[in-house]
Every structure is written in structure tokens, then in C-alpha cells.
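One structure below.
The values are calculated or read from the model by the stated rules, or taken from the named source; none is laboratory data. Computed from a predicted structure; not experimentally measured. Heads up, the Cβs are rebuilt from the backbone with ideal geometry, glycines too, and the neighbour counts pull from every protein chain shown.
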Amino acid sequence: MLLLRRLCKTRVSTTCTYVINGRLRRLHTRFSVKKDTWSRAERKVCDSVLEHFNTQYTQELGLDLWISAREVLLNPHCWQYAVLLNRFSDLLNIKADLKSLGYYSLLSQPDSPVIGSLQCLVHRDAVRLRTQRHRPGWLKQYYLLNAASMLPVLALAVRDGERVLDLCSAPGGKALAVLQMANPGLLHCNEMDKSRYEWLVKTLESYVPRELRDTLDVTNEDGRDIGGTTTKMFDKVLVDAPCSNDRSWLFSSGAQQVELRLRERTNLPQLQKELLCSALAAVRPGGLVVYSTCTFSRAENQSVVEAVLSTYQGVELVELEEELIVSLSNHFKFAHLHSPLGYLVVPEKGRTWGPMYVCRLRRKPSS
């Protein structure tokens, strides 16, 4: 009964509000800043999914951590949005203007070998810039995303000239981040789902200049097959795997969609294992593979990595803590996992980033 009372209490928590100050209004012509447009009807919480999450995540995260995260997930009005600047567009004064509005850099070591020219700005409040419209022949200046999405890209640590595979690339935010931090010799962006593939193509057209598109290979293939056709071809591979996507699943609409999603949830770990194995086949000996999801689910995170490590020979875990986790701990809340396999960002009030799980593997040089 006490558990039920605590879980129900967060359901009626006060919605966070957007801050739109005078300076934001004066710069409205350049940066259209808006309040969250989701209406209560559009963002109705699905009770059956919430009940499922309550049971699973109370057990996996612990009651206190799940209640804290749950309060954020149930209130889209308090979600924060990071701004990834596009170095290929005209950024005259844009960074200074955003900083004058309270934005600051997510990354404390600009121009480091790992970060390169990547510029990602965040705000302490739930301020959201309007998404820029796609216009043929014009490159967008920024891309809005969950700041935790930068973790897999930073973990990949792409350097100039490297051959990179983004196995499940749509909608394209992480591919854009790779192109902001380095000049890869090849960036192969793949997306299996046809509609999401078209979304990916449009994203790349909106941000990447024509002269750089020769270094891009954009495909619509089953990611599970790519490892067999590109064996040992890539220096780095990102597997941002299809997952439960806890933020969106909470707002499922209709009994059929709920039933389908809960059924899919049981099948996802097998798909994720096959994708990760495909990535390990595609990476060269000594190369890195980063596996990530945007779910809390242990079955889709640590358990996937654990299963692959136990069956795939010549693969080792590569630590992230000193390189990334410590330096970003002021921005993100990291859960204390029962397993050492990877790191999990858990949203909390004031730091609403996540969920995001990330784990880095290396194919041993002799394999």
C-alpha cells in the first residue's frame, strides 16, 4: 500500500514551466523560442504501460530512483532540450547570442581530441528553440536533441579519416554529431525502417553540404546483415539500437498500440543482440563498438551486452568512467548499476536528460 501511494503521488506533481524572459522575446526573430505545445489530450499517459513500468523499474532501479525519473517522464513540459550547432552553416554570432540567453556548453574541454569541433549547448530551464524548417539549398544552424544522446557519440571518439558505421541511424542526430566532431573518411548511415530511412535522408540534406556527401553512404538495409557484407571494414561502429523508448511508450495511444508495443518489448533483446553481433563483425580488429539505447530496461541494456560477451569471442569491455562519466557527472545523473557493463543516465528534476544507456566494446587486435 505504501508503494502504491508513493507511485500515485508523482502522477499529480506540478508541471514544470518554460522560462521566456525579455531577452528571449527581443531575439525572437532569430531564435523563435516556444513553450511546449503538447496539450493534455495529445500527451495522455497510458495507464497500462505506466503500470508495467512501475512494476519493472521499481525492481530494477529501486523505488526512490524510479519515482524521481517517473516524475520527469510524466511531465513533458519540464523536458530540457540541447542545441547541437551545425559547423557547416552560418553561425555568425549565434553561439554568443545563445550564451547571452543562458545557454552554456555541455562539454568542458572544447577542441580536445575527443570532442573536436563539436558544440552542444544546454540550458538550466526547459526552454526550447523552435525547430528550423527544411529549405532546399539552405543548411540548418542547429539540431535539437536530448543532451544524453551525445554520450554514445563521445564514447565512439571518432577521429579524422576513420571509417564509421552508424548501424541504426535514423533520425540522424548522432550521425550529425559525428560529423561535427571529426571528418571521417567514410560515414555509413544505415536505417532498416523505410519511413525512418527517408527521415534520415532529409535530416542529412538539411545539415550536410553537398561537397561532403561523397563521404556519406546512406542505406536502407537490415542492420543484422551488414556485418556479413562489410566484415572488418570499419574503425568505429555505433549501435543505437531500436528499443522500448520509455519516453514515447508512456504516451502510447489505443489498446492495439499498447498490446503491440508490450509484445515487441519481449522480442527486442534478441534483435538487439543480433545487431550488436553484426556491428562486431563489421569492425576491424582493435576497433570500437558503442552500444546504446534510450530505455531503462535491463533486458535491453546490460543483459544484451552480457549475452554477446559470453558468446562472441575476441571482444572486451572498454572503460568510460575516467574519460567521460566523471567529466559529465555535473550534467547527468548516472545510476549505480548492479552490473559493471555500461552506464545509465536517469532523468531527474533540473537534469531531465535520459534515459540513455551506453557501453563501449573493443574487438581485440588478434581477433
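Within region 313-352, if we keep just the residues that are in contact (Cβ under 8 Å) with a residue 60 or more places away in the chain and in contact with a strand residue (DSSP E or B) (Cβ under 6 Å, 6 or more places away or on another chain), the residue that is surrounded by the most Cβ atoms within 10 Å (Cβ to Cβ) turns out to be VAL345.
Scanning region 309-366 for residues that are among the hydroxyl-bearing types (Ser, Thr, Tyr) and farther than 18 Å from LEU145 by Cα gives SER310, THR311, TYR312, SER327, SER329, SER339, TYR343, SER366.
Look through region 241-259, keep the residues that are hydroxyl-bearing (Ser, Thr, Tyr) and part of a loop (DSSP other than H, G, I, E, B), and return whichever of them is surrounded by the fewest Cβ atoms within 10 Å (Cβ to Cβ).
If we filter region 241-259 for residues that are hydroxyl-bearing (Ser, Thr, Tyr), which is where we start, we get 244, 248, 252-253.
Adding the requirement that they be part of a loop (DSSP other than H, G, I, E, B) leaves 244, 252-253.
Working: SER244: 24, SER252: 20, SER253: 11.
In this case the residue turns out to be SER253.
Here MET150 passes the criteria (1) under 30 Å from SER278 (Cα atoms); (2) assigned to a strand (DSSP E or B) except the one numbered (2).
Being among the charged types (D, E, K, R) and in a helix (DSSP H, G or I) is the filter here, so list the residues in region 273-305 that pass it. First the steps, then the outcome.
First, the residues of region 273-305 that are among the charged types (D, E, K, R): 273-274, 284, 298, 300.
Those that are among the charged types (D, E, K, R) and in a helix (DSSP H, G or I): LYS273, GLU274, ARG298, GLU300.
For region 81-103, filtered to residues that are out of contact with any Lys or Arg (no Cβ under 8 Å at 6 or more places or on another chain), touching a residue at least 12 places away in the same chain (Cβ under 8 Å) and not in a helix (DSSP H, G or I), the residue that is surrounded by the fewest Cβ atoms within 10 Å (Cβ to Cβ) is ASP90. When region 191-234 is filtered for residues that are crowded, with 22+ Cβ neighbours inside 10 Å and touching a helix residue (DSSP H, G or I) at 6+ places or on another chain (Cβ under 6 Å), the ones remaining, listed by number, are GLU191, TYR207, GLY223, ILE226, GLY227, PHE234. Taking first residues from region 189-203 that are modelled with pLDDT under 95 and of a type in the set (D, E, K, R) and partners that are buried (at least 16 other Cβ atoms within 10 Å of the Cβ) and part of a helix (DSSP H, G or I), no Cβ contact under 6 Å between residues at least 6 apart in sequence or on separate chains turns up.
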